Amino acid sequence: MQETIDERQTPVRANDTLANERTYLAYVRTALAFIAFGFVIARFSLFAREFSQFVHAAAPEKGASIGFGTAMAIFGILIGLLGSWRYSSTDRGLRRGVVVTLSSGGGYMIALFVTVVGAIVAFTLLSYH
């Protein structure tokens, strides 16, 4: 029977373990960035209202910034959880000598979400006069 790369037993190398940890830290940084981005978006409407009172102008409506900012923060939490899951499953795979990859469906879902977020941000920026 022919061996595939997924079935081959190999010892855990330090490079592989350290690469897994770097990838996990990238997930953590990304999660924190999404949470911070969500906070900034949600607080922007508060800042705009406070600024309008300062300059004695009509206060802008809350709009979607609070909902969108909250969604970004929640997505950041989900990215953190995904990173933790990926780290632990890859670590278990390394210890068994098995290569664990992200499914193409998972990659497409993440890319789709980032595209939607980018489109919403671009549309919002273009809609301001």
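The values are calculated or read from the model by the stated rules, or taken from the named source; none is laboratory data. Note that the coordinates shown come from a computational prediction; the quantities given were computed from them, not determined experimentally. Please note: Cβ atoms are built from the backbone with ideal geometry, for glycine as well, and neighbour counts cover all protein chains shown.
Some values worked out for this structure:
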item	result
Only one of His56, His129 that is at pLDDT below 75 and at positive phi	His56
Selection status of Phe34, assigned to a helix (DSSP H, G or I), at pLDDT below 85, crowded, with 16+ Cβ neighbours inside 10 Å and not β-branched (Val, Ile, Thr)	no
Top-ranked residue in segment 64-92 [being modelled with pLDDT of 90 or more and among the small types (Gly, Ala, Ser); ranked as nearest to the chain's Cα centre (by Cα)]	Gly76
Subset of segment 108-120 (residues that are over 18 Å from Ala31 (Cβ atoms) and surrounded by 12 or more Cβ atoms within 10 Å (Cβ to Cβ))	Ile120
Leading residue by the ranking (farthest from Gly38 (Cα to Cα)) among those in segment 77-104 that are polar (S, T, N, Q) and in a loop (DSSP other than H, G, I, E, B)	Thr101
